[in-house]
Amino acid sequence: MCFALFMVMLDNTVVNIALPAIKDSFGASISGLSWTVNAYTLVFGVLLVTGGRLGDVFGRKRMFLAGLVVFTLGSIGAGLSGSIGELVFFRGVQGVGAAFLMPGSLSIITNTFSGPELGRALGMWAGISGLALGMGPVVGGLLVEKAGWEWIFFLNVPVAAIAVPLTIYVVRESRDESAIRRVDLLGIATLSLGLGGLVLGLVQANDYGWGSTRILTEYAVGIAGLVAFVLLQMRGRDPMLDMNFFRNRTFNAGNVVAFLVTFSMFATFFFITLYMQNIERLSPLQTGVRFLPMTILIIATAPVAGRLSDRYGSRWLLTGGMLLIAASLFLESRISDTSGYLTLLPAFLVGGVGMGMTMSPMTAAVMSSVDRTKAGAASGVLSMTRMVGGVFGVASLTALFEHLSTGRAAAGHGPSDVFIYSLGHSLRYSAAIAVLGALVALAFIRSHRVEETAAPAEDAAMAEAA
C-alpha cells in the first residue's frame with residue numbers, strides 16, 4: 001500500500017517542477033500549463049468518495065488494483081503526449097486512477113491491522129506520504145534536467161510493475177458485507193457535480209475573479225449538487241455515504257483539521273519554492289534538496305506519533321502538531337531577500353516535526369471513529385477533505401498575495417520587495433489558519449485509544465439526544 005501510495009503522492013508535486021520544460025516543448029499557454037495540474041486535481045478530488053465507496057461495495061483490493069492499472073495507463077499516455085491537450089486529458093486519467101488508489105490504500109490498511117499495530121501502520125503510511133511530497137521536487141528536478149520531462153510520468157511504470165503483483169499476492173480481499181452490490185449512479189452524479197463545481201470554482205477563481213458571474217455560477221452548481229447529494233443519502237436505503245459519520249464529533253473535527261493543515265501547508269510549498277528559485281536563484285534540483293530536512297523529520301516523526309496516538313489518543317498530538325506548524329510558518333514569514341537558506345532551515349525542522357505529529361494521529365482519529373466496514377467511504381471523505389483544503393489554500397493565498405503585491409507595487413516598491421512583503425503577510429495568514437486547527441483539535445477531538453470502548457455508546461447517546 002505504501003509503495004503504490006508513494007507513486008500517487010509523488011505525482012502531486014513532481015509535475016510542478018517540469019512545467020517550464022513542458023511549456024517549451026509544446027509552446028503551451030499559462031492556461032494550458034495550469035490545466036496540466038488542475039485536471040489531475042479536479043478529477044482526483046471529485047472521485048475520491050466514489051472510489052472509496054466502490055471499494056467497500058465491490059472489494060477494496062479489486063478497486064485498488066483497478067486504480068493502479070488506470071493510473072499507470074494514464075502515466076504512459078501523459079509521457080507519450082504530442083500536445084498540451086493530450087497531456088491534460090491523460091492527467092485526468094491519472095486522477096481517476098488516483099481516486100481509487102488513495103482511499104483504497106487507507107481502507108485496506110485499516111482492515112488489515114488492529115490494536116497497536118494499526119497506529120504504527122498508519123504512521124508509516126503518513127510518513128511515506130510525506131516522503132513522496134518532499135521527494136517530488138528532487139526527483140522531478142533530476143529527471144527533467146537529465147532525461148526530459150516525459151520521464152516524470154514513465155517513472156510510474158516500473159513502480160506499478162512491482163506494485164501490481166505484490167498487491168495480488170499479499171493483500172487479502174475485504175468489503176462491507178452489509179452493503180448492497182449496486183452502484184448508486186444518482187449519488188455519484190450529484191456528488192461529482194457538487195464537488196466538480198466547487199473545486200472548479202476554486203482553481204479558476206484567481207483567473208476570472210472571485211465575484212465574477214462564471215465563478216459564482218460554478219459555486220452555485222456545486223452547492224446545489226452537494227445539497228441534492230445529502231438529501232439523497234439521507235433518504236436512501238443503502239447510501240453511498242453514511243451520513244451518521246457526521247454525528248461523531250471526532251470524525252468532523254478530524255476532517256476539519258485535515259482541511260486546515262493542507263490549507264496552511266500546500267500553498268506554503270508553492271510560494272517558498274518560488275522564493276528559492278526567483279529570489280535565491282536556485283535550480284529546481286537545488287530547491288528540492290533544501291526541502292529534504294523537513295521530509296526526513298516527517299518520515300521519522302509520523303510512525304512514532306502513530307504509536308503514541310494509540311496509547312494516549314490523538315487530541316494532544318494534533319494540538320501540539322498544529323501549533324508547531326503555525327510556529328514554522330511564522331518563522332518562514334520573517335525571511336528577507338538576503339536571509340538565505342539558514343533562515344528557512346529552523347522553520348523546516350519545526351514544520352517537519354509538526355507535520356509528522358499531525359498526519360498519522362489525524363488519520364487514526366478519523367478512521368477509528370467509524371466502523372471498519374465503512375473504512376473505504378470514510379477514507380474517501382478524509383482524502384477529499386485534505387485535497388479540497390489544499391486547493392482552497394492555494395487559491396485563497398494566491399488571491400491574498402496578488403492583492404498585497406498590487407498595493408505594494410502601486411506604492412513604488414521594487415519587485416523583490418513586493419514579493420517578500422506579500423509572501424511574509426501570506427505566511428502569517430497561514431500560521432493563523434494552523435492555530436485555528438490546533439484549537440479545533442483541542443476542543444473537539446476525543447481520545448481514540450485502543451482500549452477505549454465507551455466511545456460508540458457515547459456517540460449513540462449524543463445522537464439520540466440531538
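The values are calculated or read from the model by the stated rules, or taken from the named source; none is laboratory data. Every value quoted in this text rests on a predicted model; they were computed, and no experiment measured them. Ideal geometry is used to build each Cβ from the backbone, glycine not excepted, and the neighbour counts take in all protein chains shown.
If I ask for residues that are assigned to a helix (DSSP H, G or I), crowded, with 17+ Cβ neighbours inside 10 Å and either polar (S, T, N, Q) or in contact with a Gly (Cβ under 7 Å, 6 or more places away or on another chain) (or both), which ones from region 412-448 would you list?
Residues satisfying the conditions are SER422, SER426, SER430.
Exactly one of these conditions fails for GLY201: (1) at pLDDT 85 or above; (2) touching a Lys or Arg at 6+ places or on another chain (Cβ under 9 Å). Give me its number.
Here GLY201 meets the rest and fails (1).
For the condition modelled with pLDDT under 80 and in the same structural domain as PHE269 (by TED's automatic domain parsing), what is the one hit in SER314, SER328, SER283?
SER283
Pairs needed: first member in region 205-227, under 25 Å from GLU402 (Cα atoms) and not assigned by TED's automatic domain parsing to the domain that holds LEU47; second member anywhere, among the acidic types (Asp, Glu) and at pLDDT below 90; C-beta distance under 8 Å; at least 6 residues apart or different chains.
ASN206/GLU402
Any residue in region 139-166 that's in the same structural domain as LYS61 (by TED's automatic domain parsing): show its pairings with residues that are at pLDDT 85 or above and among the acidic types (Asp, Glu) at Cβ separation under 9 Å, as long as the two are six or more apart or on different chains.
Sorted first by the residue in region 139-166, then by its partner, the pairs are LEU143/GLU150.
Here's the yes/no breakdown for (1) more than 14 Å from ILE152 (Cα to Cα); (2) in contact with a helix residue (DSSP H, G or I) (Cβ under 8 Å, 6 or more places away or on another chain); (3) buried (at least 23 other Cβ atoms within 10 Å of the Cβ):
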site: SER25; (1), (2), (3): yes, no, no
site: VAL43; (1), (2), (3): yes, yes, yes
site: GLY55; (1), (2), (3): yes, yes, yes
site: PHE89; (1), (2), (3): yes, yes, no
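With the requirement that a residue be over 21 Å from the mean Cα position of the chain (by Cα) and of a type in the set (S, T, N, Q), what does region 45-104 give you?
SER81, SER83
Pick out the one residue from GLY352, GLY407 that is assigned to a helix (DSSP H, G or I), modelled with pLDDT of 75 or more and under 24 Å from the mean Cα position of the chain (by Cα).
Sole residue among the options that is assigned to a helix (DSSP H, G or I), modelled with pLDDT of 75 or more and under 24 Å from the mean Cα position of the chain (by Cα): GLY352.
A quick yes/no check of all residues on (1) buried (at least 19 other Cβ atoms within 10 Å of the Cβ); (2) among the hydrophobic types (A, V, I, L, M, F, W, C); (3) not in a loop (DSSP other than H, G, I, E, B):
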position	(1), (2), (3)
GLY222	yes, no, yes
PHE229	yes, yes, yes
ASN244	no, no, yes
PHE271	yes, yes, yes
GLN286	no, no, yes
THR295	yes, no, yes
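Provide a single number: the residues in region 279-318 that are touching a helix residue (DSSP H, G or I) at 6+ places or on another chain (Cβ under 6 Å) and without any contact (Cβ under 8 Å) to a residue 24 or more places away in the chain.
Selection size over region 279-318: 1.
With the checklist (1) surrounded by fewer than 19 Cβ atoms within 10 Å (Cβ to Cβ); (2) of a type in the set (Lys, Arg); (3) at pLDDT 80 or above in hand, flag the one item ARG372 doesn't pass.
(3) is the only condition that ARG372 fails.
Does THR358 count as of a type outside the set (A, V, I, L, M), under 30 Å from VAL304 (Cα atoms) and assigned by TED's automatic domain parsing to the domain that holds VAL49?
yes
Looking at ARG315, is it surrounded by fewer than 20 Cβ atoms within 10 Å (Cβ to Cβ) and either among the hydrophobic types (A, V, I, L, M, F, W, C) or within 23 Å of LEU118 (Cβ to Cβ) (or both)?
No: the conditions fail for ARG315.
For LEU73, are the conditions met, namely being surrounded by 23 or more Cβ atoms within 10 Å (Cβ to Cβ) and either in a helix (DSSP H, G or I) or touching a Pro at 6+ places or on another chain (Cβ under 8 Å) (or both)? Spell out the reasoning first.
Numbers: surrounded by 23 or more Cβ atoms within 10 Å (Cβ to Cβ): no; either in a helix (DSSP H, G or I) or touching a Pro at 6+ places or on another chain (Cβ under 8 Å) (or both): yes.
The answer is no for LEU73.
Could you pull out the residue among THR36, THR50 that is among the hydroxyl-bearing types (Ser, Thr, Tyr) and in contact with a Gly (Cβ under 9 Å, 6 or more places away or on another chain)?
The unique qualifying residue is THR50.
Here's the yes/no breakdown for (1) surrounded by fewer than 22 Cβ atoms within 10 Å (Cβ to Cβ); (2) touching a His at 6+ places or on another chain (Cβ under 9 Å):
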{"position": "VAL289", "(1), (2)": "yes, no"}
{"position": "LEU292", "(1), (2)": "yes, no"}
{"position": "SER309", "(1), (2)": "no, yes"}
{"position": "SER339", "(1), (2)": "yes, no"}
{"position": "LEU344", "(1), (2)": "no, no"}
{"position": "GLY380", "(1), (2)": "no, no"}
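Write out, first by first residue and then by second, each pair whose Cβ atoms fall under 8 Å of each other, whose residues are 6+ apart or on separate chains, and whose first residue, in region 65-81, is within 19 Å of MET1 (Cα to Cα) while the second is of a type in the set (Ser, Thr, Tyr).
If the second residue must be of a type in the set (Ser, Thr, Tyr), the pairs left are LEU65/THR167; LEU68/THR167.
Consider only pairs whose beta carbons are under 8 Å apart and that are at least six residues apart or on different chains; among these, list those whose first residue lies in region 126-138 and is outside any helix (DSSP H, G or I) and whose second residue is crowded, with 22+ Cβ neighbours inside 10 Å and at pLDDT 70 or above.
none
Give the number of residues within region 142-159 that are more than 21 Å from the chain's Cα centre (by Cα) and surrounded by 22 or more Cβ atoms within 10 Å (Cβ to Cβ).
Total meeting the criteria: 3.
Answer yes or no as to whether LEU323 is assigned to a helix (DSSP H, G or I), assigned by TED's automatic domain parsing to the domain that holds GLY288, in contact with a helix residue (DSSP H, G or I) (Cβ under 7 Å, 6 or more places away or on another chain) and under 20 Å from GLY288 (Cα atoms).
Answer is no for this residue.
Checking VAL164 against (1) part of a helix (DSSP H, G or I); (2) at pLDDT below 85, only one condition comes out false. Which one?
(2)
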